[in-house]
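Here the structure is laid out as structure tokens; the discussion comes afterwards.
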Protein chains: 4
Amino acid sequence: MTTALNKYDMILKASLSLFTERGFDAATIPMIAKRADVGAGTIYRYFDSKETLVNVLYQESVQRFTKKVRKDFSSIPVREGFEHIFYCLIDFTKESEYALFFLETKKNSHYLNQTSRQLLDQLLHMLDDFFKRGKSEGVIRSLPSNVLIAIVLGAFLNIYQLVQAGDVEINAELITELEQCCWDAIKLH
Amino acid sequence: MTTALNKYDMILKASLSLFTERGFDAATIPMIAKRADVGAGTIYRYFDSKETLVNVLYQESVQRFTKKVRKDFSSIPVREGFEHIFYCLIDFTKESEYALFFLETKKNSHYLNQTSRQLLDQLLHMLDDFFKRGKSEGVIRSLPSNVLIAIVLGAFLNIYQLVQAGDVEINAELITELEQCCWDAIKLH
Amino acid sequence: MTTALNKYDMILKASLSLFTERGFDAATIPMIAKRADVGAGTIYRYFDSKETLVNVLYQESVQRFTKKVRKDFSSIPVREGFEHIFYCLIDFTKESEYALFFLETKKNSHYLNQTSRQLLDQLLHMLDDFFKRGKSEGVIRSLPSNVLIAIVLGAFLNIYQLVQAGDVEINAELITELEQCCWDAIKLH
Amino acid sequence: MTTALNKYDMILKASLSLFTERGFDAATIPMIAKRADVGAGTIYRYFDSKETLVNVLYQESVQRFTKKVRKDFSSIPVREGFEHIFYCLIDFTKESEYALFFLETKKNSHYLNQTSRQLLDQLLHMLDDFFKRGKSEGVIRSLPSNVLIAIVLGAFLNIYQLVQAGDVEINAELITELEQCCWDAIKLH
DNA sequence: TATGAATGAGTGTTCATTCAT
DNA sequence: TATGAATGAACACTCATTCAT
């Protein structure tokens, strides 16, 4: 069921897609206003600046993903935990094809503020805890967690960009295999 | 040993680093001129436009990498071939910390011209041939080649961004293990 | 009576005077903006480019003059027809001291577009018809029409530039005599 | 017989043609250098600035024309004197198709210096003397001399622009008739 | 509340001018 | 003497932001 979005959400939606398609700097306020079907001035009723807007978007993404991953996360076996994480990524992208915007954004991007960086750190920290457990249990390679995360998220993100570009068609079977790929990459053989 | 660079190379170097750090649109000509220690006008003696500049950079990167990978590539065992590719990536980034610029650039970026896209396609096609062989020999997972490439390059790129950011220190041991990670991700178990 | 002009008209007025005074290339957008008392960016809300602006001005001038000349034009005696044309020129310059901008603009100016050139051609074609009639009736010299037109408009334009410069004061008597001068130049004696 | 021109003359020739074709502001130093087949820097060995260059050109033109017109000028009948002036114009344009550059240049052009304006004034003053005599002898209309001059030069210039554009082919017969036209315009009937 | 006309700082780019060779 | 690489001020133009309506 599609609901009529309020202007706030229309602006968020439009800017998310434009930031993803063209990058922060090449996505202009007039473009966003047009896609959101609002006046350019209206954007400033909801967001202090273009920078605020992108940070709201970033933080909202990270937080929503963090919340999703955290759910019932710490008490399950490592292999299942990894599956959980992977399917959270899948789910997340299903909710919006641009939802992974925060993964494409380099942490030191000139427009990210401290809060955005801290929220990403929180997410990474949580994943770090999980990977630490996996390493201590001897099921995951003894590599630094940020490297393990980089491998999985990097692989996932690149695949998803193929999907977004229409170069790959996604289905349940493929997802299962990709999950196994990513797990194979980090598990201790 | 530092060599005196000519202005052409200074401009290329400065713009490569700025494009990598801030993206094409946020890297301004005045910034590039300042970092290259030349006047803004000088850039236009060597490059028709900012767009030309980024495409020269992109194409030079892709071509240099393609040349490096292609060397003695087709007649070796798949496992060794993969190792070759991986160490090319390592080598390449050692030559310049920004050398993988073209991997960070989305193929549909608004500033890439047709030639740039074609050169990337040639590289991907070459890798596709390799992965096809691996699949037909039953040593690599039967996933589309672009997916396999996305996994390996995505993982590598994300790791390398950690290195660039100073979050991870690279050494021979780590490299060996990362290579194994990436191979494990795509090999048929 | 001075009426409050809207910004569009203020920009047209300011640029017309500056183009006339300094020429297209030496009249800069900042100058035009200042004289029109608007921001530089505002000019681009109304005109796509400086080139568009000059062509709008040119075409508007030509069309307004063409319309004025055409009125009840074909059925009157040649001598009266000529008088009509001459007094149209006078009237036209009275409406705006810069109205003859299009006569000062060389047809092959690098900034004129095809439409502008076509509109001038239409005007000249109309005058050509008139002069043809004059020649066939044996009251006008049998010179090519474009030469006859060049004589009259060239003479008129140069005189008017004196008026604009303040070197000559215009009055009804002078106008009468000038009209006779121009007619004498082309009539068959 | 064509003589190898020295660089000074090559620069003058090239800039004269470019100033005529495109106007002072749209004719760039690189363009002039290229057409003159010299380096851009060389122009500055001969002329202090672009403005100096255009003024040298202007003054040289005016002076050469003034000299030509002045020759045996004061003691002949008015009608013959006019013919002399007219054929000087013809001669002058035959020497160089761009020689009348100074007639196309508005006296208050932003790049003309005082000397240029004074030299033009001298020429006009000389013509003024001639027209005064014509008026006192009752053979020329009693209009201000600058108006009489404007008529003749305006007509001539406009015709010559047609010739330059290739729209009219000039020949002895046409010249004779044009001279008569111009004389008819100003003579007292 | 919502708009979009208006703004001017800042962009990519050009070009008159300088100067080392 | 002659050059053209180098420069930076100034150009045409864009766009984040403001504000009267």
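Structure values in brief
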| item | result |
| --- | --- |
| Packing rank of B:30-41, D:5-16, where each peptide gets the mean count of other beta carbons within 10 Å, highest leading | D:5-16, B:30-41 |
| Label point distance in nm, residue B:104-residue A:132, each placed 7 Å from Cα along Cα→Cβ | 2.9 nm |
| Check: segment B:1-63 dipole with +1 on Lys, Arg Cβ and -1 on Asp, Glu Cβ, in debye | 200 debye |
| Signed unit charges on C-beta, dipole axis of the protein assembly as shown, positive-most listed residue C:149, C:122, D:38 | D:38 |
| Peptide D:169-177 - average C-beta neighbours from other chains (10 Å radius) | 1 |
| Positive minus negative residues near residue B:121 (Lys, Arg vs Asp, Glu; Cβ under 13 Å) | -1 |
| 0 to 90° range, to nearest 10: angle between helix B:78-95 axis and chain B longest Cα axis | 20 degrees |
| Phi-based couplings in Hz for segment D:143-159 (Karplus 6.51, -1.76, 1.60; Gly and Pro marked x) | 10, x, 4, 4, 6, 4, 4, 4, 4, 5, 5, x, 4, 4, 4, 5, 5 |
| Innermost chain C residue relative to the axis carrying C onto A, by Cβ distance in angstrom | C:41, 4 |
| Principal axis box of segment D:11-98, alpha-carbon based, largest edge first, Å | 51, 21, 20 |
| Dipole magnitude of the protein assembly as shown about its Cα centre (Cβ charges: Lys, Arg +1; Asp, Glu -1), debye to nearest 20 | 500 debye |
| Cα centre as origin, Lys/Arg/Asp/Glu Cβ charges: segment B:32-189 dipole, Debye | 580 debye |
| Per-residue mean of C-beta atoms belonging to partner chains within 10 Å, peptide C:18-24 | 3 |
| Segment B:42-189 - percent relative contact order, Cα under 8 Å, separation 6 or more | 26 percent |
| Residue-averaged beta-carbon neighbours from other chains (10 angstrom radius) around B:133-146 | 2 |
| Rg/Rg_ref, the protein assembly as shown, where Rg_ref = 2.2 N^0.38 Å and atoms are Cα | 1.40 |
| Across the identical copies, how the residue C:90 labels are spaced - nm, sorted shortest first, 7 Å along Cα→Cβ | 3.3, 9.0, 9.4 |
| Between helix B:7-22 and chain B: long-axis angle, C-alpha atoms, 0 to 90°, nearest 10 | 60 degrees |
| 7 Å along Cα→Cβ, label-point gaps from residue B:173 to other copies, nm, shortest first | 4.3, 10.4, 11.0 |
| Ellipsoid semi-axes in whole angstrom, largest first, where each is sqrt(5λ) of the Cα gyration tensor of segment B:68-189 | 22, 20, 13 |
| For segment D:7-47 versus segment B:94-125, the gap between their alpha-carbon centres in whole angstrom | 43 Å |
| Structure-based [θ]222 nm, chain D - -39500 (n - 2.57) summed over DSSP H runs of at least 4, per residue, nearest 500 | -23000 deg cm²/dmol |
| Options B:77, C:163, B:109, ranked by Cα towards positive dipole end of the protein assembly as shown, top entry (Cβ charges) | C:163 |
| Average silhouette area of segment D:81-125, convex hull of alpha-carbon atoms, in square nanometres | 3.6 nm² |
| Nearest-first distances (nm) between copies at residue A:110, label 7 Å from Cα via Cβ | 1.6, 3.3, 3.3 |
| Segment C:1-149: mean projected area of Cα convex hull, nm² | 9.9 nm² |
| Helix C:114-136 axis, angle to chain C major axis (alpha carbon atoms, nearest 10°) | 10 degrees |
| Amide H contacts under 5 Å for residue A:140, placed H, 5+ residues apart | A:135, A:188 |
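Each value in this text was obtained by applying a stated rule to the coordinates, not by laboratory testing. Keep in mind that what you see is a predicted model, and the values were worked out from it rather than measured. Note that we place each Cβ from the backbone using ideal geometry, even for glycine, and neighbour counts take in every protein chain shown.
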